[in-house]
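Student: Submitted below is the structure of interest, expressed as structure tokens.
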Amino acid sequence: MRCRETVIHVTGRVFALVSPLIVALLTLPAAAAEPPEIVCIQCHGSMPGRIGEPVKLWKGSIHAENGVACNACHGGDPKDAANAMSPARGFLGAPKETAIPAFCGRCHVGVMKDYLASAHGKALGKGGPTCVTCHGNHQVVKATLDLINEKSCSRCHSYERARLIRAAMQETEGMIVAIDTRIAAYKGEGTDTEGLEKGLFAVRNRFHTLFHNVDVEMVKKESAGIQGYLKKIRDQLTALDNSHKKRKLAGAGGITAMLLLALFAHLLRKTYD
Amino acid sequence: MALLKRLIDWIDVRIGAREVVAKELTGYLLPRNINTWYSMGSILLFIFAMQVATGILLLIYYVPDADKAFKSVTFIMNEVPFGWLIRLCHTVGSSLMVLVLFFHMLSVLFMNSYKSPRELNWLTGFILFTMVQGISLTGYLLPWSQLSFWATTVATNSVGAIPAVGQYLVEFLRGGKLVGPPTLGRFFALHVALIPAVIAALVGAHLFFLQRTGVSTPPFGQKETANQWKGDGYHYENHPGGIPFFPVYAFEDVRSIFIYLACFLGVVFFFPNLLFTRDAFIPANPLLTPAHIKPEWYFLANYQTLKLFPSEFLGLAVQGVAMTFLALLPFIDRGPERHPLKRPLFMVCALGGLLLWIGLGVWGHYS
């Protein structure tokens with residue numbers, strides 16, 4: 001009995017020593033906290049009408065998706081509610097119509113250049129469209145070919161030329177979207193897609209310069225060149241596909257071999273039993 | 001063959017190898033009604049060896065530095081020949097080790113093999129179980145991805161709920177106020193040196209206790225299923241007329257290991273991302289909290305339990321009590337009967353506990 005008591009006593013002490021570790025190991029990730037909201041959203045988000053509306057629109061934008069918040073465009077101090085809209089803290093407010101391209105162009109430098117060189121840019125201040133006319137001001141959507149559509153273009157002019165440009169770019173856009181999806185799928189599986197992403201980023205930027213071009217022949221010629229680069233990226237993805245197929249074949253072979261060996265061991269066990 | 005025989009003779013005259021083989025292998029008899037569940041221990045030994053081997057191979061290229069860890073893992077997965085295979089074997093192996101460990105513990109539980117005189121076998125096995133969870137948790141941080149960084153942040157944060165010493169423990173685990181490079185250093189040391197050494201020592205102790213008590217007879221197909229040991233003296237449970245460990249049961253072990261390998265390769269080659277989320281392939285960013293971080297499948301029940309209680313401390317305390325109860329089960333459950341069907345209350349509690357654990361895990365996954 002004394003021996004058993006000693007065992008229980010000793011094991012109890014051992015457990016007392018390891019129990020904090022057990023507790024530590026059992027402490028698990030609970031729901032991760034959301035990052036704190038900036039003061040702009042805290043105040044404007046709860047306001048009604050046109051003062052609160054931009055927050056709702058921004059939440060569905062590509063800017064929100066990429067963590068580009070109010071202060072990135074409008075300036076100010078997003079951490080200090082009292083001085084958030086103080087010019088001394090860099091608050092810019094909303095730009096005048098003619099200042100919009102420069103306002104957006106602080107980040108989208110190349111796009112601003114393309115816009116200013118286009119027929120749209122040349123009409124700035126003379127009734128021509130600014131960035132927000134097509135892209136929206138707070139619910140800024142990802143720049144795709146969908147932005148060129150009859151409803152949008154017909155607000156200012158006939159859709160005919162825009163239709164030709166869109167048709168010329170449609171195939172390239174489809175290739176970009178398909179390649180982007182495939183790269184994202186590989187990235188989500190741990191494949192190093194940095195090189196592919198950089199390649200696609202460069203090609204996509206080159207393609208986007210055509211978005212502000214209204215010369216149909218030039219758009220067609222450039223699109224063909226861009227497709228050449230996209231095919232190279234697609235070939236790299238096809239090589240990855242083939243490599244993954246080979247892995248699966250090797251895996252199937254390995255599994256079959258293991259099952260045959262298991263059967264062999266089973267037969268040997270029965271033979272000796 | 002003659003050369004081989006001469007070599008064996010040479011060894012035998014020096015260390016008595018044939019005597020050891022006769023005693024520990026061909027003469028080591030096991031109960032005739034032994035079943036496949038007894039192979040789980042051998043599978044676990046095999047997995048542990050594989051984890052050590054693949055871990056050493058990963059160490060060749062892995063860099064335990066917060067600035068380089070993620071890139072080094074990406075390099076292993078994409079540039080090192082068969083690096084992807086070695087890393088997947090290590091990650092899938094760690095998860096399957098926990099799964100097989102569960103099977104091993106459940107078989108011991110339902111066959112009531114934990115009962116006296118095998119309290120120490122159970123206790124060392126239980127501590128091994130916590131150590132395996134510990135090595136999985138520390139290994140989780142090493143890729144330094146968004147998933148590993150934030151999972152570790154919240155996991156170490158929860159320790160702060162322990163009264164009085166909680167905050168000190170959090171800082172001790174992290175090596176600072178927040179998860180950062182010192183945490184990676186600590187977890188790396190724990191993962192590759194301390195915990196494997198403890199596991200190896202515990203495996204040794206576990207096998208030693210098994211060797212000293214003898215293999216337990218399964219309670220199934222027996223007339224007398226009550227525990228015969230009275231606690232009045234040391235007794236080795238031998239099995240006269242039983243089946244020899246070598247070659248008969250050794251082949252059963254080998255068969256089980258090959259079946260395990262077939263399943264393991266199935267996951268590695270056909271479902272390699274079963275255990276990963278997209279956050280596992282994004283480098284750690286202390287300034288960007290992912291929307292939802294879920295723990296590994298074997299921690300999901302604990303995760304859901306923590307969420308069910310209004311206070312984190314209460315959730316931890318309940319789990320601590322449950323774990324302590326399980327660890328001390330052989331000291332609490334002293335009844336001699338070993339057949340589970342003759343112990344309806346035990347069966348209801350054990351099955352209920354198992355279903356509760358699975359239910360909480362599924363809830364945690366979808367919550």
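The values are calculated or read from the model by the stated rules, or taken from the named source; none is laboratory data. Since the structure is predicted, the reported quantities are computational estimates derived from the model, not experimental observations. No Cβ is skipped: glycine too gets one built from the backbone with ideal geometry, and neighbour counts run over all protein chains shown. Protein only, heavy atoms only, side chains kept; ligands, DNA and RNA dropped before computing areas. Shrake-Rupley method; radii C 1.70, N 1.55, O 1.52, S 1.80 Å.
Student: Dipole size in debye (nearest 20) for the stretch A:162-248 around its Cα centre, Lys and Arg Cβ +1, Asp and Glu Cβ -1?
Tutor: Values: 16 positive and 12 negative charges, 62 e Å.
With only Lys, Arg, Asp and Glu charged at Cβ, the dipole is about 300 debye.
Student: May I pose another question? May I ask you to evaluate 6.51 cos²θ - 1.76 cosθ + 1.60, the Karplus curve with θ = phi - 60°, for each residue of the stretch B:82-94 and list the ³J(HN,Hα) values in order in whole Hz, giving x for glycine and proline?
Tutor: Result, rounded to whole Hz: 6, x, 4, 5, 5, 5, 5, 4, 5, 6, 5, x, 5.
Student: Residues with beta-carbon under 11 Å from that of residue B:12, excluding residue B:12: net charge, scoring Lys, Arg +1 and Asp, Glu -1? Walk me through the numbers before you get to the answer.
Tutor: Numbers: positive: B:5, B:6, B:14, B:18; negative: B:9, B:19.
Result for the neighbourhood of residue B:12: +2.
Student: For the stretch A:31-98, what are Rg and Dmax over the alpha carbons, in angstrom?
Tutor: Calculated on Cα positions, Rg and Dmax stand at 12.5, 46 Å.
Student: Listed highest first by mean packing, meaning other Cβ atoms within 10 Å per residue, what order do A:190-199, B:8-17 come in? Display every interim value, and only then the final one.
Tutor: Values: A:190-199: 17.0, B:8-17: 11.4.
Descending packing order for the listed peptides: A:190-199, B:8-17.
Student: Could you work out the local net charge near residue B:337, counting Lys and Arg as +1, Asp and Glu as -1, over the other residues with Cβ closer than 14 Å to its Cβ?
Tutor: Numbers: positive: B:115, B:223, B:334, B:338, B:342, B:343; negative: B:224, B:333.
With Lys, Arg at +1 and Asp, Glu at -1, the neighbours total +4.
Student: Under a 1.4 angstrom probe, counting protein chains only, how are A:138, B:339 ranked by accessible area, largest first?
Tutor: Details: A:138 50, B:339 25 Å².
Sorted descending by solvent-accessible area, the residues read A:138, B:339.
Student: What nm distance separates the two modelled labels at residue B:366 and residue B:1, each placed 7 Å from Cα along Cα→Cβ?
Tutor: 6.3
Student: Within the stretch B:192-225, report the chymotrypsin sites (Phe, Trp or Tyr not before Pro) that DSSP leaves as loop and that have at most 14 other Cβ atoms within 10 Å.
Tutor: When the chymotrypsin sites (Phe, Trp or Tyr not before Pro) of the stretch B:192-225 are filtered for loop state and at most 14 Cβ neighbours within 10 Å, B:220 remain.
Student: Please compute the contact order of the stretch A:162-248 in relative form: average sequence separation of alpha-carbon pairs under 8 Å and at least six residues apart, divided by the residue count, as a percent. Can you show the working numbers first?
Tutor: Details: 45 pairs, mean separation 36.3, N = 87.
The normalised contact order for the stretch A:162-248 reaches 42 percent.
Student: With solvent modelled as a 1.4 Å probe, how much accessible area in total do chains A and B shield from it at their shared surface, in Å² to the nearest 100? Please report the intermediate quantities before stating the final value.
Tutor: Values: alone 18890 and 20420 Å², together 34520 Å².
Separately minus together, A and B give about 4800 Å² buried.
Student: Just in the stretch B:73-173: which GluC sites (Glu not before Pro) are loop by DSSP and have at most 11 other Cβ atoms within 10 Å?
Tutor: B:79
Student: At a Förster radius of 56 Å, what calculated FRET efficiency corresponds to the Cβ-Cβ distance of residue A:241 and residue B:230, to the nearest 0.05? Don't skip to the answer; put the middle values down first.
Tutor: Working: r = 67 Å, r/R0 = 1.20.
It comes to 0.25.
Student: Of all the accessible heavy-atom surface of the stretch A:181-273, with the other protein chains kept in place and a 1.4 Å probe, what percent is carbon and sulfur? List each step's numbers first, then the result.
Tutor: Details: 3350 of 5480 Å².
Exposed carbon and sulfur together represent 61 percent of the surface.
Student: Could you list which residues have their amide H under 5 Å from that of residue B:226, counting only those 5 or more apart in sequence or on another chain, with H placed in the peptide plane?
Tutor: B:338
Student: Could you order peptides B:267-278, B:127-138 by the average number of other Cβ atoms within 10 Å of their residues, highest first? Let's see the in-between values first.
Tutor: Details: B:267-278: 16.6, B:127-138: 22.0.
Top to bottom by mean Cβ count within 10 Å: B:127-138, B:267-278.
Student: Another one. Can you compute 3J(HN,Hα) from phi for each residue in the stretch B:319-334, using the Karplus curve 6.51 cos²θ - 1.76 cosθ + 1.60 with θ = phi - 60°, rounded to whole Hz and x for Gly and Pro?
Tutor: For the stretch B:319-334, the Karplus curve yields 5, x, 5, 4, 5, 5, 4, 5, 4, 9, 3, x, 7, 8, 8, 9 Hz.
Student: Taking the Cα centre of the stretch B:1-101 as origin, sum charge times position over the Cβ atoms of Lys and Arg (+1) and Asp and Glu (-1), and report the length of that vector in debye to the nearest 20.
Tutor: Working: 9 positive and 7 negative charges, 58 e Å.
Result for the stretch B:1-101 is approximately 280 debye, rounded to the nearest 20.
Student: Starting at 0 and stepping by 10 Å, how many percent of the alpha carbon pairs of the stretch A:162-248 end up in each bin?
Tutor: In whole percents, the pair-distance histogram is 16, 46, 25, 11, 2.
Student: Right, here's the next one. Roughly what % of Cα-Cα distances in the protein assembly as shown sit above 40 Å, to the whole percent? Working shown, then result.
Tutor: Values: 97174 of 204480 pairs.
Roughly 48 percent, once rounded to a whole number.
Student: So, one more: Between residue A:144 and residue B:36, what is the label-to-label distance in nm when each label sits 7 Å out along the Cα-to-Cβ direction?
Tutor: Simple spin-label model gives 5.0 nm for this pair.
Student: Provide, for q = 0.15, 0.18, 0.20 Å⁻¹, the log10 of I(q)/I(0) from a solvent-free Debye sum over equal Cα point scatterers in the stretch B:66-161.
Tutor: These q points yield log10 I(q)/I(0) values of -0.77, -0.93, -1.02.
Student: Averaging the inverse of every distinct alpha carbon separation and then flipping it gives the Kirkwood radius. What is it for the stretch A:234-273, in angstrom units? Can you show the working numbers first?
Tutor: Values: mean 1/r = 0.0816 Å⁻¹.
Roughly 12.2 Å, rounded to one decimal.
Student: Of the cross-linked pairs A:59/A:220; A:187/A:248; A:122/A:221; A:79/A:122, which ones have a Cα-Cα span greater than 29 Å in the structure shown?
Tutor: Values: A:59/A:220 36 Å; A:187/A:248 19 Å; A:122/A:221 23 Å; A:79/A:122 39 Å.
With Cα atoms farther than 29 Å apart: A:59/A:220; A:79/A:122.
Student: Pick from B:352, B:204, B:231: which is most flexible by mean-square fluctuation in a GNM of chain B where alpha carbon atoms under 10 Å apart are linked?
Tutor: Taking springs between Cα atoms under 10 Å, the residue moving most is B:231.
Student: Would you work out which of A:207, A:185, A:130 lies farthest towards the positive end of the dipole of chain A, given +1 charges on the beta-carbon of Lys and Arg and -1 on that of Asp and Glu, about the Cα centre?
Tutor: My answer, from the dipole projection, is A:185.
Student: Mind giving me the nanometre distance, one decimal, between the label points for residue B:201 and residue A:224, set 7 Å out from Cα along Cα→Cβ?
Tutor: Here the modelled spin labels are 7.5 nm apart.
Student: In peptide A:240-252, what is the residue-averaged number of other protein chain Cβ atoms found within 10 Å of each Cβ? Write down the numbers at each step before the final one.
Tutor: Details: counts 0, 0, 0, 1, 2, 0, 0, 6, 3, 1, 3, 8, 4.
Average neighbour count from other chains, rounded to a whole number: 2.
Student: How big is chain A by the Kirkwood estimate over distinct Cα pairs, in Å?
Tutor: That comes to 24.8 Å for chain A.
Student: Can you list the equivalent-ellipsoid semi-axes of chain B, largest first and in whole Å, using the square root of 5 times each Cα gyration tensor eigenvalue? Intermediate values should be presented prior to the final figure.
Tutor: Working: eigenvalues 298, 165, 67 Å².
Each semi-axis is the square root of five times an eigenvalue, giving 39, 29, 18 Å.
Student: I need the fraction of alpha carbon pairs in the stretch B:1-79 separated by more than 20 Å, rounded to a whole percent.
Tutor: Working: 2016 of 3081 pairs.
So the pairs more than 20 Å apart make up 65 percent of the total in the stretch B:1-79.
Student: Report the per residue volume, in Å³, of the convex hull enclosing the C-alpha atoms of the stretch A:110-210. Mind showing how you got there, number by number?
Tutor: Values: hull volume 11.6 nm³, N = 101.
Cα convex hull per residue, to the nearest whole number: 115 Å³.
Student: Taking only protein heavy atoms and a 1.4 Å probe, what accessible area per residue, in Å², does chain A have with all protein chains in place? Intermediate results must be reported in sequence, preceding the final value.
Tutor: Numbers: 16410 Å² over 273 residues.
Dividing the accessible area of chain A by its residue count gives 60 Å².
Student: Excluding residue A:105 itself, what net charge comes from residues whose Cβ is under 14 Å from its Cβ, given Lys and Arg +1 and Asp and Glu -1?
Tutor: Numbers: positive: A:106, A:113; negative: A:114.
It works out to a net charge of +1.
Student: Going through the DSSP H helices of chain A, which span 20 Å or more along their own axis at the Cα atoms while scoring at least 1.0 as a mean Kyte-Doolittle hydropathy?
Tutor: On the way: long enough: A:2-26 (34 Å, 1.19); A:160-187 (40 Å, -0.07); A:194-208 (21 Å, -0.55); A:216-272 (82 Å, -0.08).
Helix filter hits for chain A: A:2-26.
Student: Follow-up. Expressed as a rounded percentage, what relative contact order does chain A have, with Cα pairs under 8 Å and six or more residues apart?
Tutor: On the way: 187 pairs, mean separation 34.3, N = 273.
Worked out over chain A, it gives 13 percent.
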